[in-house]
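Here the structure comes first, spelled out in structure tokens, and everything after it is commentary.
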Amino acid sequence: MRNAFIEELVALAAVRDNIVLIVGDLGYSVVEPFAERFPKRFFNAGVAEQNMTGLAAGMASEGFHVFTYSIANFPTFRCAEQIRNDIDYHRLPVTVVAVGGGLAYGALGYSHHAVQDYALMRSMPQMLIASPGDPMEVRACMRHIVDHPQPSYLRLGKAGEPNFHAAVPQLEPGRWLDVSPAPAGNVERKVLLSTGATLGLAMELQRTPAYADHAVCSMPLWGMGPKRIQPEQLRGAVSVTTLEDHLADGGFGSWLMEACRQDPASLTKLRAHALSDDVCGTVGSQNTLNALGGLSVGRICG
Amino acid sequence: MIDTVALARTVRADALRMVCRAKASHIASALSISDIVAVLYGRVMHHNPRQPDLADRDRFILSKGHACVAVYAVLAARGYFPREELEHYGADHSSLMNHISHKVAGVEFSTGSLGHGLPFGAGKALAAKVRGDRWRTFVLLSDGELGEGSNWEACLFAAHHALDNLVAMVDYNNLQSLTTVDQTLRIEPLAAKFEAFGWNVHHVDGHDHAALGAALAAPAADPRPTMVIAKTTKGKGVSFMENRVEWHYKSPTPAQLEQALAELEASA
């Protein structure tokens, strides 16, 4: 995902001279293509995320679209008030980019586990959350974000994730994106709906007997605004099972459940699979920790 | 040529009327900066009240957003909006909020939580550098606000990137929320700190308009950002408010307002 991000950012910056990248002293072996090609629009703010985010807002207020880049919780929680007051309240085109979403940095410990970021970002009224499920969705999110400048948060995995789309899809905030249809003849629409890096898990689940009759959909763009269009989409499904590598509290599944509550007539069955707090304070590989938190075929189907 | 002393007197009087009408706090903080904003908007900054979005205007950020009535008053006095609108300060649904609001004509940035203005202002200054624009950014901080670490992050950045188009000012009245700055979280030696961070530091009497004008004037060739440490008196101009911590909170009664306005009138 990191490579798709920087390739797309370079391509977009080549045709838009208002794109700026500010990193928080991170991005080794990732951001160099941008820094080398656009040295006047690349800044390393150092280990100072509050200033990085305030700077970004100040530049954005003068017509730039600024991307801030760091890992895990550093560009989000460390500077949450700058995101809230400076970016979101002023409706400025700053995209906060966090690499290592979920438990991608599983071995590095709790400080590097980004499992509460959705909760923070979805509480910001203007914030568009972009949580792509594969590199193709990263490119689609980037194109949408640049074409529709607003406060936004791009949550990336790390590197080497497989593609589940054959081409870059068209995205619309809040719209479920078809990734793998249910078998033909299945008239009851059952959906596995993933956001972020759990798209691969959704595809695995679809290959099990329990979920073989489900369609797999992805929701790479969401937030407080797109919540209002969820009831109409939910009405078209008998059941929706959400997947996310984030703690259950304040996450994607709880967001969808709140949206469903807006429709008293809804008959859609909702089930959310998210991480339990067992992962907090434990280290291990991403797969190990996801399974510990409840996100594996065995834990979901067992 | 604008009489900035008279402008400051108008700012103080209107600030007093606003907080009295709205039963609001922070009048002493506004009186502390009234001379600074009068000099900025009266003679230092390039701006046009009829064109708040003028491309090459100088930008002003009030980081100590609680002192907003002084800025609302100076903006009204200079013609950004009718002076009568000040009467809506603090009212339900008013854009004239009790911490400075970008919904008011001429206000660049909303603050209220301290430590946000200098990083934001550094971003504006950096934007001007990237574009090759010559306008300047002025940021007014409080002394107690310097406890926020984000200011020092921005100080490092501005000096490292030679933001000579950034001017920060500290309203140094040595009185913060509960007691003096000295007794709360000591900031001295303040000038030496900023100099060590790589800033061009000026000391001025924050109520001396000639001195403020000279310190805030366009600098000679110097790649460093400018820091103006303005020694001020909290509550300046109203005898019973000067250097009294309670006027961070209290709102003047109508009788106290009359007394305060009479003192201002007598000083003319």
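The values are calculated or read from the model by the stated rules, or taken from the named source; none is laboratory data. This one's a predicted model, so the numbers in the text were calculated from it and none came from an experiment. Using ideal geometry, Cβ is built from the backbone for each residue, glycine included, and neighbour counts are taken over all protein chains shown.
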Selection count where residues are within 17 Å of B:G115 (Cα to Cα) and within 14 Å of another protein chain (Cβ to nearest Cβ), scope segment B:149-180:
12
If we keep just the residues of segment A:12-37 that are free of Cβ contacts under 8 Å to residues at least 12 places away in the same chain and assigned to a helix (DSSP H, G or I), which is farthest from the other protein chains (Cβ to nearest Cβ)?
A:E32
Among the candidates A:E244, A:E232, A:E204, residue that is surrounded by fewer than 24 Cβ atoms within 10 Å (Cβ to Cβ) and closer than 20 Å to A:S180 by Cα:
A:E204
Among the residues of segment B:88-96, is any surrounded by fewer than 18 Cβ atoms within 10 Å (Cβ to Cβ) and within 14 Å of chain A (Cβ to nearest Cβ)?
yes
So how many residues does segment A:186-201 have that are assigned to a helix (DSSP H, G or I) and either free of Cβ contacts under 8 Å to residues at least 60 places away in the same chain or at positive phi (or both)?
1
Find the residue count for segment B:125-168, including only residues that are in contact (Cβ under 8 Å) with a residue 24 or more places away in the chain and part of a loop (DSSP other than H, G, I, E, B).
11
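Inside segment B:104-124, can you point out the residues that are assigned to a helix (DSSP H, G or I), farther than 15 Å from A:N18 by Cβ and at the interface with chain A (Cβ under 8 Å from one of its Cβ atoms)?
The first filter runs over segment B:104-124 and keeps only residues assigned to a helix (DSSP H, G or I), leaving B:117-124.
Still in the list and also farther than 15 Å from A:N18 by Cβ: B:117-122.
Once the filter is applied, which keeps residues that are assigned to a helix (DSSP H, G or I), farther than 15 Å from A:N18 by Cβ and at the interface with chain A (Cβ under 8 Å from one of its Cβ atoms), segment B:104-124 yields B:L118, B:P119, B:F120, B:G121, B:A122.
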Any residue in segment A:72-95 that is within 22 Å of the chain's Cα centre (by Cα), of a type outside the set (D, E) and modelled with pLDDT under 95?
yes
Give all pairs with beta carbons closer than 7 Å in which a residue from segment A:290-302 that is under 16 Å from A:M203 (Cβ atoms) meets a residue that is among the β-branched types (V, I, T) and modelled with pLDDT of 95 or more; count only pairs at least 6 apart in sequence or on separate chains.
A:L295/A:T198; A:V297/A:T208; A:C301/A:T208
For segment B:126-140, does any single residue satisfy the condition of being over 26 Å from B:E195 (Cα atoms) and within 7 Å of chain A (Cβ to nearest Cβ)?
no
In segment B:229-257, what residues are part of a loop (DSSP other than H, G, I, E, B), out of contact with any Gly (no Cβ under 7 Å at 6 or more places or on another chain) and farther than 21 Å from B:G213 by Cα?
B:G235, B:V238, B:S239, B:F240, B:Y249, B:K250, B:S251, B:P252, B:T253
Which of the strands (runs of 3 or more DSSP E) found entirely inside segment A:38-138 contain at least 1 residues meeting this: of a type in the set (V, I, T) and surrounded by 24 or more Cβ atoms within 10 Å (Cβ to Cβ)?
A:65-71, A:94-99, A:128-130
Using the structure shown, decide if B:L141 is hydrophobic (A, V, I, L, M, F, W, C), in contact with a strand residue (DSSP E or B) (Cβ under 7 Å, 6 or more places away or on another chain) and either modelled with pLDDT under 95 or within 25 Å of B:S25 (Cα to Cα) (or both).
yes
